[in-house]
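What follows is a set of notes on a single structure, which appears directly below.
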Amino acid sequence: MWLAVLATIGDASVADADRRALQRTVRGDHDALAEVYDRHARLVYSLALRIVGRQPDAEDVLQEVFTQVWRQASRYDTSRGTVAGWLVMLTRSRALDRLRRERAEVPAADIDWASVDVVDPETAVDLQLVTAEQAARLRLVLEALPEAQRVPLELGYYDGLSQSAIAARLGVPLGTVKTRMRQALLRLRDALAEARP
Amino acid sequence: MSAAPRDHDALREQIALYAIGALPASERSAVESHLRGCAECAAELATLGPVSGALAQIVPQHDPPAALRARILSSIAASDRASARRPTAAWAPWLAAAAMLAVAAGAGLYAAGLRERVRTLQAQLRVALDRVADGERRVAVALRNAADAEAPLAVLVAPDVRRIDLAGQPVAPRASARAFWSRSRGVVLTATNLPALPPGRTYQLWFVTPQAPISIGLVKPDANGSVRRLVDTRGDFPEPVAVAVTIEPDGGAPAPTGDKYLVGAAQ
């Protein structure tokens, strides 16, 4: 259903419709929130599931994200990016929080709290919706990346590990991690440009 | 203001990571100030911007369970009315569910605005009840049973409330707990399956801070190993990075000495 909706009304119209729905949400319109949910719950849920890994946790993230949208719609500046971009940012933020809480369930005494260095997922996302076909092609590009590039990118984006944590886990120097993540992103950028009509 | 070339090279390397939100906050500001003065890096950021959104969309796609839609939307409506819209509250999902339970339990405080939705809500509530996790149910039951239900509720609906999940440690793997901490109103601890205490021993609750653990109070579980405890931590208590429950000699200890039974990190 989600794909059909996208296909019929197109990317720019989705962004406009989202913006209008968010403005109605600010005024307390529950139907407008439901509209945003119907368009993007799949996007939020799928990303959450990829990050947290378990279905009940992904459901919790979905609920947290839409509760946050309801509470904070008035604070979101729609000129900063699309509503879908904001949803992705919130999803990543809530899902990574959850992942960190879980990781922290090792005895507190074993964690050096002062040195916990985490990525900040709250960068504004200029999200352009891609079609299922474009997503499939990009997924292939990601999967075809050399493991040395792909793994650091996945650990950074989907697992929220800092670059120093990635370096430690993979046993490579920090500078190498940065370079490889950058290479992977540039490859994806080029593939994204090609995938667009 | 242009950066030195060496900075430019180092920071340019960071642009891609910045674009996908993979930089820690400590490294973001240097990138941001460089971006303001460097057209080349700003242009690179513009081309990389869509990659983050693409990464979010190329994960395997799954539809959320259909029943979730009604649960989420109605719990938002319920918590909304319950709290008279606090725009800044970061609500944990269980809280919305707990608010629904409070409504159902007859806390008629919120009834006025709900009248037209009550019938729908009752149907949705049955669905929600089935799905509410044990911990959530425990909180609601504990709240209902509390002789003084208002004080914990005040913590739970505080705009700055944060939930901290505590996991049972190796000495008590079945134990679990949740702490709800509000800087302005105090902390509520609910725990279950704590092992029975040997004579002369007590459980003690701690806020772990970067400096040292701070005692928050003693905790005595009931015969079932359950605890519901409200502690007034308003005032000078620092923000916890973790919350822990240890076993200590009766009367408590100034610093933790015994085994850790429950530990959870604040997010």
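The values are calculated or read from the model by the stated rules, or taken from the named source; none is laboratory data. Because the structure is a prediction, the values reported are computed rather than measured. Every residue, glycine as well, gets a Cβ built from its backbone with ideal geometry; the counts of neighbours run over all protein chains shown.
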Query raised in the report: Does residue B:200 satisfy the condition of being closer than 20 Å to residue B:157 by Cα and loosely packed, with under 12 Cβ neighbours inside 10 Å?
Result: no
Listed by first then second residue, the pairs whose first member lies in the range B:31-47 and is free of Cβ contacts under 8 Å to residues at least 12 places away in the same chain, whose partner is surrounded by 17 or more Cβ atoms within 10 Å (Cβ to Cβ) and of a type in the set (Lys, Arg), with beta carbons under 8 Å and at least 6 positions apart or on separate chains, are B:47/A:189
Going through the range A:166-190 in order, the residues found to be among the hydrophobic types (A, V, I, L, M, F, W, C) and surrounded by 20 or more Cβ atoms within 10 Å (Cβ to Cβ) are A:166, A:177, A:181, A:184, A:185, A:188
Scanning the range A:49-90 residue by residue, those facing chain B (nearest Cβ under 9 Å), aromatic (Phe, Trp, Tyr) and without any contact (Cβ under 8 Å) to a residue 40 or more places away in the chain turn out to be A:66
Report yes if residue A:150 is assigned to a helix (DSSP H, G or I), touching a residue at least 40 places away in the same chain (Cβ under 8 Å) and more than 17 Å from residue B:27 (Cβ to Cβ), otherwise no. no
If we keep only residues of the range A:97-106 that are facing chain B (nearest Cβ under 7 Å) and in a helix (DSSP H, G or I), then the residue modelled with the highest pLDDT is A:97
Subset of the range A:61-96, residues basic (Lys, Arg) and either crowded, with 24+ Cβ neighbours inside 10 Å or part of a helix (DSSP H, G or I) (or both), comes to A:71, A:75, A:92, A:94
